[in-house]
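Everything on this sheet refers to the single structure shown next.
Read-outs throughout are calculated quantities, based only on the coordinates presented, and are distinct from any laboratory measurement. Note that the structure is predicted; figures quoted are calculated from it, not measured. Note: ideal-geometry Cβ built from the backbone for every residue, glycine included; neighbour counts use all protein chains shown.
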Amino acid sequence: MIVYLHGRGQNLKSYEKAMQSFNSFSAYHLYIQGPYADSELTSHKKKWGFMWYLYNGKQGSFIKSLEYTAEFIQEIIDHVRQFINVSRLCVIGYSMGGYQAGYFGMTRWKHTNEIIVMAGRYKTEVLTDAKLESMGHQKILAIHGTKDRTVLPEPQIKAVDFLKGHGIDAEIKLVDENHKLSQTYIEAAKDWLKQAGYPTAEK
């Protein structure tokens, strides 16, 4: 199963459209919409984006919000898994959804095999030694734009180096892009999934 978490300003419909080429993978595709409505970018209700967490500038509140929404995501996955057979699970997140995907994988390591964070950051500061030891089965990919000024690449590079230093199969792919979800991000993620053994229906 591949679980998709959108970025801020996106909603389920717009993110599914942007990621539709992932349908070439022979997998269950689960798109989840963030629980917090975000009307800042448009007053048109049908075009509202959604958010995964609330952030008031305090790290403690940030982590609590990530955890609350991780539980929300887990409940949806658990419900779906009652009806299908899932052999492995990958979570893909872009921007705000990338932060959430990374946090979900680090805290729900029993359920997650692969994690892809595009234009976000792994919040490695939430990791304990016990969690690091339990993540040995995971494969992690970070894709980040060298021109990204919304989420700077340097902290994500450090986060991936931290994971690698603790024996985690993590890598970062830097692309010549800014913060916008482009085809370059998408193709890099798809290539990595193919290398990780996700089968495709492409001839």
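Quick one: of the DSSP bridges fully inside the chain, what percent are antiparallel, nearest 5?
Beta bridges within the chain, antiparallel portion: roughly 15 percent.
What number, in percent, do you get for the relative contact order of the chain if the mean sequence gap of Cα pairs under 8 Å and at least 6 apart is divided by its residue count?
With pairs under 8 Å counted, the relative contact order is 19 percent.
Which whole-Hz ³J(HN,Hα) couplings does segment 68-79 yield from phi under the Karplus relation 6.51 cos²θ - 1.76 cosθ + 1.60, θ = phi - 60°, glycine and proline marked x?
Per residue, the Karplus-derived 3J(HN,Hα) values read 4, 6, 4, 5, 4, 5, 4, 4, 5, 4, 4, 5 Hz.
For Asp38, list long-range residues whose amide hydrogen, built 1.01 Å from N in the peptide plane, is under 5 Å from its own amide hydrogen.
Correct list: Gly49, Phe50, Met51.
Measure up Lys13/Lys139; Lys64/Lys123; Lys123/Lys164; Lys13/Lys180 against 19 Å on the Cα-Cα distance and list the ones that go over.
From the list (Lys13/Lys139; Lys64/Lys123; Lys123/Lys164; Lys13/Lys180), the Cα-Cα distance tops 19 Å for Lys13/Lys139.
Across segment 9-21, in residue order, what do the Karplus-derived ³J(HN,Hα) couplings come to in whole Hz, using 6.51 cos²θ - 1.76 cosθ + 1.60 with θ = phi - 60° and x for Gly and Pro?
x, 9, 10, 4, 5, 5, 6, 4, 5, 5, 9, 5, 5
For segment 146-151, in order, what is each residue's ³J(HN,Hα) by Karplus, 6.51 cos²θ - 1.76 cosθ + 1.60 with θ = phi - 60°, in whole Hz (x at glycine and Pro)?
Karplus values, whole Hz, x for Gly and Pro: 5, 9, 6, 10, 7, 10.
Using the Cα centre as the reference, give the magnitude of the dipole from point charges on the C-beta atoms of the chain (Lys, Arg: +1; Asp, Glu: -1; all else neutral), rounded to the nearest 20 debye.
440
Using alpha-carbon positions, what is the distance between the centroids of segment 2-35 and segment 150-202, in Å?
About 17 Å separates the Cα centre of segment 2-35 from the one of segment 150-202.
Which one, Ser24, Gly57, Asn85, projects farthest toward the positive side of the charge dipole computed for segment 1-100 from Cβ point charges (K/R +1, D/E -1)?
Selected residue: Ser24.
Identify which of Phe25, Phe104, Phe62 has the largest mean-square fluctuation in a Gaussian network model of the chain, with springs joining Cα atoms closer than 10 Å.
So, out of Phe25, Phe104, Phe62, the one fluctuating most is Phe62.
Sequence gap at least 6, Cα distance under 8 Å: using those rules, report the relative contact order of segment 92-163 to the nearest whole percent.
Computed over segment 92-163, the figure is 32 percent.
Quick one: which residues, 5 or more positions from Thr200 or on another chain, have an amide H under 5 Å from its amide H? H modelled 1.01 Å from N in the peptide plane, none for Pro or chain starts.
Ser26
Using modelled amide H (1.01 Å from N, peptide plane; none on Pro or chain starts), what sits under 5 Å from the amide H of Ile172, excluding residues fewer than 5 places away?
Close amide H contacts, sequence-distant or interchain: Ala142.
Scan the chain and report its longest stretch carrying no GluC sites (Glu not before Pro) that are both in a DSSP loop and have at most 16 other Cβ atoms within 10 Å.
The answer is 41-201.
Just one of [x] 46, 44, 38; [y] 69, 39, 31; [z] 55, 52, 35 is Cα extents along the principal axes in Å as worked out from the coordinates here. Which one is it?
Computed from the coordinates, Cα extents along the principal axes in Å corresponds to [x].
Return the calculated 222 nm mean residue ellipticity for the chain, to the nearest 500 deg cm²/dmol, obtained by summing -39500 (n - 2.57) across DSSP H runs with n ≥ 4 and dividing by the residue count.
-11000 deg cm²/dmol
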